[in-house]
1. Kindly indicate whether any position in the stretch 80-102 is at pLDDT below 90, part of a helix (DSSP H, G or I) and either in contact with a strand residue (DSSP E or B) (Cβ under 9 Å, 6 or more places away or on another chain) or of a type in the set (Gly, Ala, Ser) (or both).
2. So for the stretch 191-212 (the condition being at positive phi and among the aromatic types (Phe, Trp, Tyr)), does at least one residue qualify?
3. For the stretch 136-188, give me each residue that is part of a loop (DSSP other than H, G, I, E, B), closer than 21 Å to Pro220 by Cα and of a type in the set (Gly, Ala, Ser).
4. Return yes when Pro343 is in a loop (DSSP other than H, G, I, E, B), farther than 21 Å from Glu225 by Cα and modelled with pLDDT under 95 and no when it is not.
5. If only one of Asn124, Asn156, Asn114 is assigned by TED's automatic domain parsing to the domain that holds Glu326 and free of Cβ contacts under 8 Å to residues at least 12 places away in the same chain, which one is it?
6. For residues that are farther than 19 Å from Arg175 by Cβ and either in a helix (DSSP H, G or I) or over 26 Å from the mean Cα position of the chain (by Cα) (or both), tally how many sit in the stretch 221-257.
7. Scan the stretch 174-194 residue by residue and report those that are surrounded by fewer than 24 Cβ atoms within 10 Å (Cβ to Cβ), farther than 19 Å from Gly265 by Cβ and in contact (Cβ under 8 Å) with a residue 40 or more places away in the chain.
Amino acid sequence: MNKRKTISIKDVAKESGSSLTTVSLVLNERDHRISPATRERVLETAHRLGYRPNRLAQGLQSRRSSLIAIMVPQLRHAFADVYFGELISAIHDCANRSGYKILLEVAHPEFVRNRLYLELFDRNFVDGLLCLGVTNKDIYLRDLAEAGHAMIVVNNYLPAQKLNFVRCDYLDAGRIAADYLLGLGHRRIGLIHGAPEVQTSLDLRKGFQQALTAGDVKLPESCVEDGLYTEEGGEAAARRLIERQPQITAILAGNDKMAIGAVTGLKDLGKRVPEDVSVIGCDDIHPAGYCDPPLTTVHTPIYELGRRACERLLELIEGRVDQVREVHPVNMTVRKSACPPRPR
């Protein structure tokens, strides 16, 4: 079989009746002095011939790679995780529409210890970096900020460091969840939180406690458990809470995976959800609407957050903004896993 001929810029110039300079300016979007008719003729010809630009050559000219990196923590099956998957899908869709490709990196100990995150920029592998799953322990990220690299922390922030971020308002998420449970009439309430080194997890707990205190309800340490952000952790945490505090009538879990696990743990203890114990989650991942019962949860716009983070990163790369400090609102999604407590 004959190989398909690679269409070059010379072919576009010859076919459109334009000079190489004119075609180059149009295809590289530096055509402000070229007439609309000529521009349209060049673009139509390039499309008709099936011209594909040489991205490597373009990168050498602009000193950009047209690649952005997504860095995730070293977790079991991180790329298969529903939460990370939603963010990565949104970032990919946005980057693809803007002509960028995606590089996936895992922040394993050796990667951090050898400062390979800096090599991503020093060797011009990528133009920007989006950091997912960041914790307060990730102080190495300040190296990127101090070097002036385009980088954004996605759905978290580090109060002690001046890093760019795009995140949801988890302080308000905690308040909304507490107000909802108080409104149903619950007064004996438990909390299953995520990792304490994650700032948004601390914000969620703080907002939750503030609203409970305003409603004259206490949240003692005996009613708080760490669910490790996993289904297994949520199941074990719910068991410990009920075995220690059997009077609990409602539980907030810091994410939907822990909430789904908590429902399983409660059922294994013979508790009905929501008749005996109400459960609400946070994030509103897709499976939340299809568990038994469908999960009432605080909706955080994860896909929108990923898309927005990518858009803002591209603005940093192109010099349209100097910093990013963006907080997105949250709201309640009511389903069937929470109801008023039954009389005792």
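1. The answer is yes; a qualifying residue exists.
2. Within the stretch 191-212 (the criterion being at positive phi and among the aromatic types (Phe, Trp, Tyr)), the answer is no, since none of the residues qualifies.
3. Gly185, the sole residue that qualifies.
4. yes
5. Step by step, each of Asn124, Asn156, Asn114 is checked, and only Asn114 is assigned by TED's automatic domain parsing to the domain that holds Glu326 and free of Cβ contacts under 8 Å to residues at least 12 places away in the same chain.
6. Selection size over the stretch 221-257: 22.
7. Ile176, Tyr180, Leu184, Gly185, Arg187
The values are calculated or read from the model by the stated rules, or taken from the named source; none is laboratory data. No experiment lies behind these values; they were computed from the predicted model shown. Every residue, glycine among them, receives a Cβ derived from its backbone with ideal geometry; neighbour counts consider all protein chains shown.
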